[in-house]
């Protein structure tokens, strides 16, 4: 169990990201979506013509891991300040707020002007963030020392 909230949050966020990405790549391979998250997260940094190159995945992956690590730290502190009661509901809510906040506002127009998605592709991002939230709850439960979560 990890006692340090920052380190725990980074681990929680990155592990939850693995869950999110696994769903995204599964949906991509089954043709439910035409893009992967690392292309979407690279859109603020690259021109449209560059979003299908190998370097896109490096840039997008770096952005995605940094953002999810930060979100993991925020989530661990959120649980620290609000208690771990209803952890699963808080995780799902956090994941869905992340989806609305990042994809619905910040990345929305930037990403979708450069990488148009079908409605099913948007649903894939929604479900992936639901899984991200469940991953946040699961890994917080599994790896964060319960004493570290008591305020």
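A few remarks follow.
- Principal axis dimensions, largest first and in whole angstrom, of the range 1-86 by Cα: 45, 27, 20
- CD proxy at 222 nm, helix term only [per DSSP H run n ≥ 4: -39500 (n - 2.57); per residue of the chain; nearest 500]: -23000 deg cm²/dmol
- FRET efficiency for residue 113 and residue 25, using Cβ-Cβ distance with R0 set to 30 Å, rounded to 0.05: 0.80
Just so you know, all these numbers are worked out from the coordinates, no wet-lab data involved. For clarity, every value in this text was computed on a predicted model and none was experimentally measured. When we count neighbours, we look across all protein chains shown, and the Cβ atoms used for this are built from the backbone with ideal geometry, even at glycine.
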